[in-house]
Amino acid sequence: MPTPSVLDKVRKDGVIHVGFQRHTPPFSYCTQPSFVPQGYSVDLFRQVMAGICRRHGIDSCQIRAVEVTSSTRLALLEDGSIDIECGSTTITPERKTRNRFSRPIFFTSHRILVKSTVLSSAGKPKGAITVVGIQGSTSHAALMAWPSADVDYRFCGSANIASAFKSFCQDEQVDAIVADEVILKALMLNAAIADVQLLPHRIGGEPYGFMIRLGDSIFQAEVDVELERLMAVGPFETTYATWFTGRLPSMGFDLNIPLTGEMRERLNSAQ
């Protein structure tokens, strides 16, 4: 017997359980002990659910936030603990064999942040460097596939972005960190760490999307209808600007990543 769609659950119970991360600004983050996430993905999904409810005559839907990490999000979605994951999950062929994805909500590349002490006067690593990152992540895969001749490195895996960044900041044996560019920039600004530098190389790149259970084509279609509508109208620019060019709430800095024509075109043409 087919598993009921999340849309049926929302109609019946008026509740949806959504996975958000704590340490991935500006997409999903929380700076207080109790888990009340905020961010671009959080904001965008609230608008998506509001539109779905309007179209289906659903009076209200309570969004219950469930804290996930890059290591737990897939399992929690598959076992039903969450109904959708909304954060900074990249859409990859391997992940699409296990789950569905919405149309893209952002496009990213990977960068390497290094401690200035390991750089030469020309801005290149002086020798082999230890690079920390999320074990098994797309950043890890992109780094391993990167055919760079100017950077000799050894990869050191962490379970999630928070532990990877902590190692980078506190472990003297770690010289660099690899991660999605926008998240890395946000973590760097939030920590206000000195004597660090982003290497100029952009490695690989994938779209981000909301992750949905594999069998739920009905709910995926509903989410995509709303994302397409939102991204085609002016208010989307305000949503984007709030999190990418405005001062981030609870963080006190802005990322200065404007909505370019290229990004707008890719989002509007995404299938």
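Only the coordinates and a few stated rules stand behind these numbers; no lab work does. All of these numbers come straight from a predicted model, not from anything done at the bench. Note: ideal-geometry Cβ built from the backbone for every residue, glycine included; neighbour counts use all protein chains shown.
Numbers for the structure displayed
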| quantity | calculated |
| --- | --- |
| Phi-based couplings in Hz for region 152-161 (Karplus 6.51, -1.76, 1.60; Gly and Pro marked x) | 9, 9, 10, 8, 10, x, 10, 6, 7, 5 |
| Centroid-to-centroid separation of region 188-203 and region 227-271 [C-alpha atoms, Å] | 22 Å |
| Region 109-205: radius of gyration over Cα atoms, expressed as a fraction of 2.2 N^0.38 Å | 0.95 |
| Computed magnitude of the charge dipole of the chain (debye, nearest 20; Cβ of K, R +1, Cβ of D, E -1) | 100 debye |
| Cα principal axis extents for the chain, largest first, Å | 63, 40, 38 |
| Placed amide H near Arg22: partners under 5 Å, 5+ positions off or other chain | Val68 |
| Three principal axis lengths of region 2-150 [C-alpha, angstrom, descending] | 63, 35, 24 |
| Lysine pairs within region 109-205, Cα separation less than 19 Å, 8 or more sequence positions apart or different chains | 5 |
| Alpha-carbon centroids, region 20-44 and region 101-172: separation in whole Å | 23 Å |
| Bridge type composition, the chain - antiparallel percent by DSSP, nearest 5 | 60 percent |
| Karplus-derived 3J(HN,Hα), 6.51/-1.76/1.60, for each residue of region 16-23, Hz, glycine and proline x | 9, 9, 10, x, 10, 9, 8, 10 |
| Exposed-site-free run, longest, the chain (rule: chymotrypsin sites (Phe, Trp or Tyr not before Pro); DSSP loop; at most 16 other C-beta within 10 Å) | 36-252 |
| Table column - 3J(HN,Hα) (Hz), region 118-134, Karplus curve with 6.51, -1.76, 1.60, x for Gly and Pro | 9, 9, 7, 5, 8, x, 10, x, 6, x, 5, 10, 9, 10, 9, x, 6 |
| Extension gain (nm, one decimal) between Lys124 and Ser60, 0.36 nm per residue minus Cα-Cα | 17.6 nm |
